[in-house]
């Protein structure tokens, strides 16, 4: 991973971010892969899926306990969500579960750099902590499972990337891509054109407001009642000196 962490590369505004995008996230005939982005609220967060972050905590002191819990939780989701989703593909079901908060071996990415930036700056509880943007240029096919029928199959490659049907409005709005980890406790930190940029804490409020003024808000990223209400709160309760 290439870390861009000098002042000239810090994301201090939306304008600066777009300049960085133009300068770094380009495609060419020799490098035709799609760029994906991930925004994080805390610069120190690692590229680990949510289930992997539980490893080492009680009662998940062994990998066996952790993975057993993961499978049981996913089976419960499939049982409870089937009537609404009418979907049996386990990869698609896992992506929907991930998008709605289940602890899984999937890591969220997006094809939209602005959506990634929004996730990095939106949480007012993290305004005092530097955030980051990860970018990654994938040089392979999505959904390339070669006959593998389960996201828990031992024959999986180290990483796969999924692009799912728009079963959830949130997946569609966020242009979601999912990274499937064969070992969810193993950090993703080395790949072609994997980059990291810092967002200084003092610039988060400004960037959030700039995104809002260009139409990137809770309502567009979460196209449901939750998103509508959060956008109303942000719009009505913000002041000149403090953007919530």
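The values are calculated or read from the model by the stated rules, or taken from the named source; none is laboratory data. Note that the structure is a prediction, hence the values are computed from the model and not measured. For neighbour counting, all protein chains shown are included, and Cβ atoms are generated from backbone atoms with ideal geometry for every residue, glycine included.
Show me the strands (runs of 3 or more DSSP E) found entirely inside region 156-244 where at least 3 residues are at pLDDT 85 or above and touching a helix residue (DSSP H, G or I) at 6+ places or on another chain (Cβ under 9 Å).
176-181, 194-199
Yes or no, residue by residue, for (1) closer than 26 Å to residue 104 by Cβ; (2) crowded, with 16+ Cβ neighbours inside 10 Å; (3) touching a strand residue (DSSP E or B) at 6+ places or on another chain (Cβ under 8 Å):
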position	(1), (2), (3)
177	yes, yes, yes
193	yes, yes, yes
196	yes, yes, yes
200	no, no, no
207	no, yes, yes
213	no, no, no
224	yes, no, no
230	yes, yes, no
237	no, no, no
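For the list (1) buried (at least 16 other Cβ atoms within 10 Å of the Cβ); (2) without any contact (Cβ under 8 Å) to a residue 60 or more places away in the chain, I need the number of the one condition that residue 125 fails.
Residue 125 satisfies all of (1) buried (at least 16 other Cβ atoms within 10 Å of the Cβ); (2) without any contact (Cβ under 8 Å) to a residue 60 or more places away in the chain except (1).
Out of region 128-141, which residues are at pLDDT below 90 and either surrounded by 13 or more Cβ atoms within 10 Å (Cβ to Cβ) or more than 13 Å from residue 177 (Cα to Cα) (or both)?
Selection gives 138, 139, 140.
Which one of these is more than 23 Å from residue 217 (Cβ to Cβ), surrounded by fewer than 22 Cβ atoms within 10 Å (Cβ to Cβ) and in contact (Cβ under 8 Å) with a residue 24 or more places away in the chain: 144, 153, 186?
None of the other options fit; the residue is 186.
Just give me the residues in region 72-107 being loosely packed, with under 12 Cβ neighbours inside 10 Å and closer than 21 Å to residue 182 by Cβ, in sequence order.
72, 75
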